[in-house]
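Student: First the structure, which I've put down as structure tokens, then a few questions once you've had a look.
Only the coordinates and a few stated rules stand behind these numbers; no lab work does. Only a predicted model underlies this, so the values are computations on that prediction, with no experimental measurement involved. Methodologically, a virtual Cβ is constructed for each residue, glycine included, from the backbone with ideal geometry; neighbour enumeration extends over all protein chains shown.
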Amino acid sequence: VQECLEVDFSELKFNDGKGNMNLRGKVLPVVELAHHFELDRDNRDLVRVVVVRYGDHVMGIVVDEIIGQEQAVFKPLSNNLGKVDGILGATVMADGRMSLILDIIALTHSFMR
């Protein structure tokens, strides 16, 4: 994770869940998680974008909420659940809640398809 931004949704240009935005004069590819996972998008004017880097690839991920930063040990998802594109595994947070861990590499590859 490079940085977290809050931007006006109108600054993002989308086509089928994939898009881009202007980040300090450069075009940043952006993927909308709600669309990727076939969920309803939180209809707010301001959205949160997490800018991530994988190798030479930099992209933005539109999320509903940024809760904070925490170190975690993750476990792969059970074979009973099957492979979920974009999810690396899960972890139990300090407060006992379960949280899914995003697979940034898979999200980057899905964006480039």
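Student: Taking the alpha-carbon distance from LYS83 and a cut-off under 17 Å, which lysines remain once sequence neighbours fewer than 8 residues away in the same chain are dropped?
Tutor: Straight-distance partners of LYS83: LYS75.
Student: If you don't mind, there's one more thing I want to ask. Rank by packing, highest mean first: peptides 90-98, 48-56, with packing defined as the count of other Cβ atoms within 10 Å averaged across residues.
Tutor: 48-56, 90-98
Student: Contact order normalised by length for the range 1-101, with contacts defined as Cα pairs under 8 Å and 6 or more residues apart; what percent is it?
Tutor: Relative contact order of the range 1-101: 21 percent.
Student: Turning to a different aspect of this structure: Using the beta-carbon distance between ARG44 and LYS75 and R0 = 35 Å, what value does 1/(1 + (r/R0)^6) give for FRET efficiency, to the nearest 0.05?
Tutor: The value I calculate is 0.60.
Student: To continue, here is another question. Calculate I(q)/I(0) for the chain by the Debye formula, one identical point scatterer on each C-alpha and no solvent, and give its log10 at q = 0.11, 0.13, 0.19 Å⁻¹ to two decimals.
Tutor: So the normalised log intensities are -0.37, -0.52, -1.10.
Student: Among all the aspartates and glutamates, which ones have a C-alpha under 16 Å from LYS13's C-alpha, if same-chain residues fewer than 8 places away are not counted?
Tutor: GLU32, ASP45
Student: Can I ask one more? Calculated from DSSP H runs of 4 or more alone, at -39500 (n - 2.57) each and per residue, what is the 222 nm mean residue ellipticity of the chain, nearest 500?
Tutor: Value at 222 nm, helices only: -2500 deg cm²/dmol.
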